[in-house]
Amino acid sequence: MSGFADMDIDTIWMNGEFVDWDDAKIHVMSHGLHYGTGVFEGVRSYDTEHGPAIFRWEEHLDRLYNSTKPYNMEIEHSREELTNATIELLKRQDLKSCYIRPIAFFGYDSLGVSPRNCPTDVAIGAWPWGTYLGDDALENGVEVMVSSWRKHSSSQIPTNAKTTGLYVNSLLAGEEARRNGYAEAVVLNKEGNVAEGPGENIFLVRDGEIFTPGLAESILDGITRNTLITLAREQGYTVHDNATISRGELNTADELFFTGSAAEVTPIRKVDNVVIGNGSRGPVTEELQSAFFDLVERRTDAHDDWFLYVDEQ
Ligand code: PMP
């Protein structure tokens, strides 16, 4: 991703108002900065023939509000307000294909670990963002490394809440992989089974059936994961969405792929230098990936209720 400074963007929605991008500032003594006490979303809008279409916005909002619950955080802005703010943000900046980042975090008041008196600050930004793991990743797949860092157990921290603090684990795993020449990591859970990527869910194809770790494996309940499960079932595949996948099964899989709002559907061609399947995007991955892009770029009428059409609002 290139830096914000090179982008044609100028507006942030913050605590109920639109402000200039350069003025969207917080105090360095904000709670969220010190303790990772924020919750956020990563959402994509696709450029379709009906104009920009935000994919599964309602589900992202559901997850955002749900993520606040373990932290007793209250977002004092309604779903409608966040929705209108996002639509306006895209319209004002003429954004079509873009990434949308809503965030809510404990703000500035005091720095006890208890955020009791801290306000909840809420902001939304949006910017153009191409493929997450590199331009040829979608076609040729990525090489990944099983991280030496384990994912935090959901008994230690709610991994189903998309909390800013969780991403130091993602950073450690992802950067370790990149230092070793891989594009991305696969992270095992505390039990040593496959959990997910640093910012992606993972799917395995074996003997024509599809497997993905269950929600109790310390994963984020990915919205793209849910989308792929739905699409795969519609194509007639058996999908085991509550699987326990051992590390060794990665190496013997016929196909592996990542899903995520940023990563979309990215094939995995090698794990720890072991070639997966035929070493390129496998046929099931390719079929589901094209079903996914046909869906999000609206080359089909299916699942129209998953889209928020900006120009129609
Ligand atoms: N797992 C983690 C840890 C993530 O950060 C993400 C990205 N939000 C995902 C899975 C995929 O979730 P989604 O498809 O909702 O983007």
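The values are calculated or read from the model by the stated rules, or taken from the named source; none is laboratory data. These numbers come from a predicted model, not from an experiment. We place every Cβ from the backbone using ideal geometry, glycine too, and count neighbours over all the protein chains shown. Ligands, DNA and RNA are excluded from the accessible area calculation, which covers all protein heavy atoms including side chains. Shrake-Rupley method; radii C 1.70, N 1.55, O 1.52, S 1.80 Å.
Descriptive notes on the structure:
- Strands (runs of 3 or more DSSP E) fully within region 1-70 counting 2 or more residues that are within 16 Å of the ligand (Cβ to nearest atom) and open to solvent by less than 80 Å² (accessible area, probe 1.4 Å): 38-40, 43-48, 51-55
- The residue that is nearest to the ligand (Cβ to nearest atom), among those in region 254-272 that are crowded, with 18+ Cβ neighbours inside 10 Å and of a type in the set (Asp, Glu), is 264.
- Residue in region 157-166 that is more than 17 Å from the chain's Cα centre (by Cα), of a type in the set (Val, Ile, Thr), surrounded by fewer than 22 Cβ atoms within 10 Å (Cβ to Cβ) and outside the structural domain of residue 61 (by TED's automatic domain parsing) present: yes
- Single residue of 141, 125, 130 found to be closer than 19 Å to residue 197 by Cβ and either among the aromatic types (Phe, Trp, Tyr) or under 16 Å from the mean Cα position of the chain (by Cα) (or both): 130
- Listed by first and then second residue, the pairs with beta-carbon distance under 8 Å, at least 6 apart or on different chains, first residue in region 232-254 and assigned by TED's automatic domain parsing to the domain that holds residue 203, second open to solvent by 50 Å² or more (accessible area, probe 1.4 Å) and basic (Lys, Arg), are 239/233; 249/206; 252/206; 253/206; 254/206.
- Close contacts from region 6-18, counting a first residue that is closer than 16 Å to residue 95 by Cα and in the same structural domain as residue 75 (by TED's automatic domain parsing) and a second that is in a helix (DSSP H, G or I) and open to solvent by less than 40 Å² (accessible area, probe 1.4 Å), with Cβ to Cβ under 7 Å and a gap of 6+ residues or different chains, come to 11/89; 13/85; 13/89.
- The set of residues in region 198-253 being part of a loop (DSSP other than H, G, I, E, B), closer than 26 Å to residue 58 by Cα and within 16 Å of the ligand (Cβ to nearest atom) consists of 198, 199, 200, 214, 218, 219, 220, 221, 222.
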